[in-house]
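Trainee: Submitted below is the structure of interest, expressed as structure tokens.
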Amino acid sequence: MKHTSVIRKFAALIATLAMVLSCSQKSPDQDYLIRVNDRVITVDQFKRSVDAASEEAFPGEQNVSLENIQDLRVRVLNQLSEELMIAAHASTIGVSVAEAELAGRVDAIKADYPDNTFQETLLENAVSFESWKQKLAMRILVEKVVEKELVDQVDITSADVAAYIQDHYPDGAPDGESPDTINQKIVRHLRHQKAEKRYPEWIESMRELYPVDVNQERWNQLARGAR
């Protein structure tokens with residue numbers, strides 16, 4: 001079906017995000033793998049995240065090497081650790097996702113699918129609507145924190161805009177677009193571009209504020225290919 005691959009990629013992208021705020025407080029005997037403050041990712045949650053990422057990275061492959069799987073596990077471990085830190089920081093700075101905001105995003109995504117193909121595609125990928133909606137909420141939360149902490153803090157100068165225009169619009173604005181509209185797009189693009197460069201330093205500062213505790217015994221078992 002036309003949108004199946006889109007939903008599959010989308011589901012794989014946000015599958016790990018579903019774990020971020022749905023994690024309960026850690027109990028002394030909980031089989032956790034990653035912990036940030038009172039938020040945890042269990043071993044089973046981690047495995048499900050790896051399975052979703054593997055479906056995206058190695059679609060249809062039956063014999064993925066242990067080396068490639070382990071590389072994937074490391075990437076997922078790093079991603080989940082970052083997401084736990086960001087979720088913890090969201091609580092600190094008062095960032096959340098309103099129900100109306102989530103509903104609007106859901107409606108916008110559904111609008112791209114004709115008739116009943118949206119629901120059909122979810123069913124084909126064994127994803128319930130409520131589960132998908134929860135995952136989307138987690139994704140929006142992370143986006144909002146990054147927007148507030150990085151994108152909104154970037155300063156764009158007139159020289160930055162002029163240089164971009166010279167490189168990308170040497171003949172002036174395209175027909176049908178006003179200079180103001182193009183200028184706004186350029187500023188937005190440059191903000192995200194600069195924010196992306198600042199992200200590694202920013203996430204390192206998050207590690208100092210929200211230290212990540214990895215259960216080394218369980219991680220070593222996973223590294224050896226234990227199930």
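Trainee: Taking the stated definitions as given, is Ser128 free of Cβ contacts under 8 Å to residues at least 24 places away in the same chain, in contact with a Leu (Cβ under 8 Å, 6 or more places away or on another chain) and either surrounded by fewer than 12 Cβ atoms within 10 Å (Cβ to Cβ) or on the phi > 0 side of the Ramachandran plot (or both)?
Mentor: Yes.
Trainee: Which residue is farthest from Glu147 (Cα to Cα), if the candidates are limited to region 91-108 and must be in contact (Cβ under 8 Å) with a residue 40 or more places away in the chain and crowded, with 16+ Cβ neighbours inside 10 Å?
Mentor: The selected residue is Val97.
Trainee: Scan (1) farther than 23 Å from Lys47 by Cβ; (2) touching a helix residue (DSSP H, G or I) at 6+ places or on another chain (Cβ under 6 Å) for the single condition Asp175 breaks and write down its number.
Mentor: (2)
Trainee: Name the single residue that is modelled with the highest pLDDT among those in region 75-90 being surrounded by fewer than 16 Cβ atoms within 10 Å (Cβ to Cβ) and touching a helix residue (DSSP H, G or I) at 6+ places or on another chain (Cβ under 9 Å).
Mentor: Across region 75-90, the extreme among qualifying residues is Arg75.
Trainee: Now for a different question. Restricting attention to region 131-148, and to residues there that are of a type in the set (Lys, Arg) and at pLDDT 80 or above, which single residue is surrounded by the most Cβ atoms within 10 Å (Cβ to Cβ)?
Mentor: My answer is Arg139.
Listed here are the residues, each with its yes/no results for (1) touching a residue at least 40 places away in the same chain (Cβ under 8 Å); (2) surrounded by 14 or more Cβ atoms within 10 Å (Cβ to Cβ); (3) touching a His at 6+ places or on another chain (Cβ under 6 Å).
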{"site": "Leu150", "(1), (2), (3)": "yes, yes, no"}
{"site": "Asp155", "(1), (2), (3)": "no, no, no"}
{"site": "Ala159", "(1), (2), (3)": "no, no, no"}
{"site": "Ile165", "(1), (2), (3)": "no, yes, no"}
{"site": "Asp171", "(1), (2), (3)": "no, no, no"}
{"site": "Glu177", "(1), (2), (3)": "no, no, no"}
{"site": "Thr181", "(1), (2), (3)": "no, no, no"}
{"site": "Glu204", "(1), (2), (3)": "no, no, no"}
{"site": "Arg224", "(1), (2), (3)": "no, no, no"}
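The values are calculated or read from the model by the stated rules, or taken from the named source; none is laboratory data. Fair warning: this is a prediction, and the values are worked out from it, not measured in the lab. Because the Cβ atoms are built from the backbone with ideal geometry, glycine has one as well, and the counts that use them run over all protein chains shown.
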